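Novice: Can you read through this structure? Questions will come right after.
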Amino acid sequence: MKKFLKVLAGLIFLTALVAVTVLAYLTVDEYKPQEVEKLDVSGSTDIALSKGKSIRIMSWNLGYGALGDNSDFFMDGGKMVYTADEERVRQNLDDIAAEVDTIAPDIFITQETDLSAARSYFIDEPKYLKEYSNAEVLHGQNTFAYNFKVSFVPLPLPPIGKVHSGLAGFSKFYIASAERLALPCPFKWPLRTFNLKRGLEEMRMPIEGSDKELVLINLHLEAYDSGEGKIAQTKRLKQVLLDEVEKGNYVIAGGDFNQVFSNVDISKYAALEGVWQAGSIDVTEYGDNLRFLADPEVPSCRSLDRILATAPSKDYSDFQYYVIDGFIVSKNIEVEQMYTDELGFVCSDHNPVIMDFKLR
């Protein structure tokens, strides 16, 4: 018994030592972005934005290429940590590239896009899309802003490992500058050391014959917090939008809000018990200078508590679906159409959202 207790004590000490060492490393290595950081803009184009011409923007949470219809995820109540093998990740990215070719957007913004992460087999996903798509938008200018930059995420078991991921923006139009605007982080130490540090990816595009700009904001707001993170981040987004509207600029914010817009009727989608539910943005708090657009006819996201194939039917009462992806646009922008592209969540747990618009 004494020998057993000594071995047990040794194991406990060794486990504690490893835990302390990992936590110390993560604390020293923690990603601590500045409030505003200049982003590199790569590529080149001589195409300028013009008023009165139709422009197409596409926004898509890519689920880092690993959240197809064959996956669930432990944070949503599922079982998987690694949700796809490398072959499936590449197939998902191939399908994404093919859809970008089909839609042919002029501007393409993505969320949950990995640069280098164990969960996606260290595939540089923006580079991969450029290599496997002929879409003009992917061969113009592009920029990237981190949302998740951790050398080693120690939880759960098996651990998630390295994650360098975030927001990617692609444009066939000239991008004059880009910045990352930090969003409030709801997590405290030590959870903060290996959690997401979200930001807004802001791109500024000059307009031919005008002293105003198109200010494009790519975003992915908080998901797995108790609510205060979403509120604080949405408040920051609101201030950025209203400041740009006050300047007379053209403004578009698009992406994964992880919230529904209060002006969009989502009553056809049941709120199932025990499954993650989205927050809500009260659009009346934003005044008359901004419009909130989401497509209630097609879900933009599905729950990852189960593999989609296990859904009893396509009935919206049997599986949890959401409408949490969309756009906010200033009133000086004429929206011709906005819709969600129904892809059945085969290559991502999100469907892309598309908007055709003109600058008035």
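The values are calculated or read from the model by the stated rules, or taken from the named source; none is laboratory data. Bear in mind the structure is a predicted one, so any value in this text is a computation, not a measurement. Backbone-built Cβ (ideal geometry, glycine too); neighbour counts: all protein chains shown.
Novice: Could you please tell me which pairs satisfy a Cβ distance under 6 Å, a separation of 6+ or placement on different chains, a first residue in segment 99-123 that is more than 18 Å from Gly255 (Cβ to Cβ), and a second residue that is of a type in the set (S, T, N, Q)?
Specialist: Between residues of segment 99-123 that are more than 18 Å from Gly255 (Cβ to Cβ) and residues that are of a type in the set (S, T, N, Q), the close pairs are Asp101/Ser133; Asp101/Asn134; Ala117/Ser165; Phe122/Ser116.
Novice: Just checking, does segment 193-200 include any residue being over 22 Å from the mean Cα position of the chain (by Cα), under 30 Å from Ile123 (Cα atoms) and of a type in the set (Phe, Trp, Tyr)?
Specialist: Among the residues of segment 193-200, not one is over 22 Å from the mean Cα position of the chain (by Cα), under 30 Å from Ile123 (Cα atoms) and of a type in the set (Phe, Trp, Tyr), which makes the answer no.
Novice: Only one of these is under 17 Å from the mean Cα position of the chain (by Cα) and of a type in the set (Phe, Trp, Tyr): Phe292, Phe345, Phe357. Name it. Even if it seems obvious, please write down each step before you answer.
Specialist: Details: Phe292 fails: under 17 Å from the mean Cα position of the chain (by Cα); Phe357 fails: under 17 Å from the mean Cα position of the chain (by Cα).
Answer to the selection: Phe345.
Novice: Another question, if that's okay. Take segment 277-317 and flag every residue that is farther than 22 Å from Ala232 by Cβ and either among the charged types (D, E, K, R) or not assigned by TED's automatic domain parsing to the domain that holds Thr234 (or both).
Specialist: Correct list: Asp288, Arg291, Asp295, Glu297, Arg302, Asp305, Arg306, Lys314, Asp315.
Novice: Please name all residue pairs, on different chains or six or more residues apart, with Cβ atoms under 6 Å, provided the first residue is in segment 317-345 and is at pLDDT 95 or above and the second residue is of a type in the set (Lys, Arg) and part of a loop (DSSP other than H, G, I, E, B).
Specialist: Cβ pairs passing all conditions: Asn332/Arg360; Glu334/Arg360.
Novice: Kindly provide the set of residues from segment 82-117 that are of a type in the set (A, V, I, L, M) and out of contact with any helix residue (DSSP H, G or I) (no Cβ under 6 Å at 6 or more places or on another chain), ordered by number.
Specialist: Ala84, Ile96, Ala98, Val100, Ile103, Ala104, Ile107, Ile109, Leu115, Ala117
Novice: Oh, and also: Which residues, counting only those in segment 76-94, are surrounded by fewer than 22 Cβ atoms within 10 Å (Cβ to Cβ) and either under 18 Å from the mean Cα position of the chain (by Cα) or part of a loop (DSSP other than H, G, I, E, B) (or both)? Write out each step before concluding.
Specialist: Step one: of segment 76-94, the residues surrounded by fewer than 22 Cβ atoms within 10 Å (Cβ to Cβ) are 76-82, 85-88, 90-91, 94.
Scanning segment 76-94 gives Asp76, Gly77, Gly78, Lys79, Met80, Val81, Tyr82, Asp85.
Novice: Continuing with the same structure: Considering Ala223, Ala178, which residue is assigned to a loop (DSSP other than H, G, I, E, B) and under 24 Å from Trp60 (Cβ atoms)?
Specialist: Ala223
Novice: Just to verify a result, which residue in segment 17-62, among those that are small (Gly, Ala, Ser), touching a Phe, Trp or Tyr at 6+ places or on another chain (Cβ under 9 Å) and not in a loop (DSSP other than H, G, I, E, B), is surrounded by the fewest Cβ atoms within 10 Å (Cβ to Cβ)?
Specialist: So the residue we want is Ser42.
Here's the yes/no breakdown for (1) within 30 Å of Asp315 (Cβ to Cβ); (2) of a type in the set (S, T, N, Q); (3) free of Cβ contacts under 8 Å to residues at least 40 places away in the same chain:
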residue	(1), (2), (3)
Ala223	yes, no, no
Ile252	no, no, no
Phe257	yes, no, no
Ser267	yes, yes, yes
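Novice: Could you tell me which of the residues Pro184, Pro206 is at pLDDT 95 or above and in a loop (DSSP other than H, G, I, E, B)?
Specialist: On the way: Pro206 fails: in a loop (DSSP other than H, G, I, E, B).
Only one candidate qualifies: Pro184.
Novice: With Thr234, Thr193 as the choices, which residue is touching a strand residue (DSSP E or B) at 6+ places or on another chain (Cβ under 7 Å), among the β-branched types (Val, Ile, Thr) and not in a strand (DSSP E or B)? Full working, then the answer.
Specialist: Numbers: Thr193 fails: touching a strand residue (DSSP E or B) at 6+ places or on another chain (Cβ under 7 Å).
Exactly one residue qualifies, and that residue is Thr234.
Novice: Restricting to segment 314-328, give me the number of residues that are within 24 Å of the chain's Cα centre (by Cα) and of a type in the set (Asp, Glu).
Specialist: Going through segment 314-328 one residue at a time, the tally reaches 1.
Novice: Could you count how many residues in segment 215-235 are within 28 Å of Phe170 (Cβ to Cβ) and within 17 Å of the chain's Cα centre (by Cα)?
Specialist: The number of residues fulfilling the criteria is 13.
Novice: Name the residues in segment 309-330 that are in contact with an Asp or Glu (Cβ under 7 Å, 6 or more places away or on another chain) and surrounded by fewer than 19 Cβ atoms within 10 Å (Cβ to Cβ), would you?
Specialist: Selection gives Ala309, Ala311, Pro312.
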